[in-house]
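Below is one structure, written out as structure tokens; comments come after it.
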Amino acid sequence: MNETIVKFGFPATLLRELEHWVILLRPAQPTLGSLVLAAKSDATEFSALPSQAHAELAEATRAIESALGSFVEYSKINYLMLMMVDPNVHFHVIPRYEGVRSFRGMDYVDAGWPKLPELGQAVALDNDQISTLVSELEPLLK
């Protein structure tokens, strides 16, 4: 796995592995259910991915939207390809909603709603919280 995938907590954050992509729980949650969709390639430019990786995005996004739709009941979903710090191709997947979502006694507010997501307002998960969210989300992404 490339350095970007490892930085986002792989293997502890792994929710699903496809041929060209991994879906990871984002350890810092600006909204409940925030994920990282990361290419397994060492590519640092989106256009450098093989055509098969682009085609596989349809499968990955369908799985993500179905899982997060039932888990978070989001109103919108943002796929942010920022790649300013982490060099390999990846998207931050941010489910967006008005109000609060609660999970296991913690509240997750979409601080930026209805404008840009406030990534700096993320809830930093500890290892136990990551494990709990992974076990909840992983079956939904199959």
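Scanning the stretch 15-71 for residues that are under 20 Å from residue 127 (Cβ atoms) and without any contact (Cβ under 8 Å) to a residue 40 or more places away in the chain, we see that the one that is surrounded by the fewest Cβ atoms within 10 Å (Cβ to Cβ) is 22. Taking (1) farther than 23 Å from residue 123 by Cβ; (2) in contact with a strand residue (DSSP E or B) (Cβ under 9 Å, 6 or more places away or on another chain) in turn, residue 3 satisfies each apart from (2). For the stretch 121-136, which positions are part of a helix (DSSP H, G or I), closer than 14 Å to residue 28 by Cα and touching a residue at least 60 places away in the same chain (Cβ under 8 Å)? Within the stretch 121-136, 121, 127, 130, 131, 133, 134 meet the criteria.
Okay, residues lined up against (1) modelled with pLDDT under 95; (2) over 18 Å from residue 138 (Cα atoms); (3) part of a helix (DSSP H, G or I):
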site: 37; (1), (2), (3): no, no, no
site: 43; (1), (2), (3): no, yes, no
site: 47; (1), (2), (3): no, yes, yes
site: 55; (1), (2), (3): no, yes, yes
site: 67; (1), (2), (3): no, no, yes
site: 73; (1), (2), (3): no, no, no
site: 79; (1), (2), (3): no, yes, no
site: 84; (1), (2), (3): yes, yes, no
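Among the residues of the stretch 2-14, the ones that are in a loop (DSSP other than H, G, I, E, B), surrounded by fewer than 16 Cβ atoms within 10 Å (Cβ to Cβ) and without any contact (Cβ under 8 Å) to a residue 40 or more places away in the chain come to 1 in all. Out of the residues in the stretch 100-112 that are outside any strand (DSSP E or B) and either of a type in the set (A, V, I, L, M) or without any contact (Cβ under 8 Å) to a residue 12 or more places away in the chain (or both), which is surrounded by the most Cβ atoms within 10 Å (Cβ to Cβ)? Restricting to residues being outside any strand (DSSP E or B) and either of a type in the set (A, V, I, L, M) or without any contact (Cβ under 8 Å) to a residue 12 or more places away in the chain (or both), the top hit is 111.
For (1) of a type in the set (D, E, K, R); (2) touching a Phe, Trp or Tyr at 6+ places or on another chain (Cβ under 9 Å); (3) within 28 Å of residue 113 (Cβ to Cβ), each residue gets a yes or a no:
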| position | (1), (2), (3) |
| --- | --- |
| 1 | no, yes, no |
| 7 | yes, no, yes |
| 10 | no, no, no |
| 13 | no, no, yes |
| 18 | no, no, no |
| 24 | no, yes, yes |
| 28 | no, no, yes |
| 32 | no, yes, yes |
| 37 | no, yes, yes |
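Checking residue 115 against (1) part of a loop (DSSP other than H, G, I, E, B); (2) surrounded by 13 or more Cβ atoms within 10 Å (Cβ to Cβ); (3) not β-branched (Val, Ile, Thr), which single condition isn't satisfied? Exception for residue 115: condition (2). Based on what the data block shows, is residue 63 under 16 Å from residue 20 (Cα atoms) and either under 13 Å from the mean Cα position of the chain (by Cα) or of a type in the set (D, E, K, R) (or both)? Judged against the criteria, residue 63 is a match.
The values are calculated or read from the model by the stated rules, or taken from the named source; none is laboratory data. Because the structure is predicted, anything quoted here is derived from the model rather than measured. Note: ideal-geometry Cβ built from the backbone for every residue, glycine included; neighbour counts use all protein chains shown.
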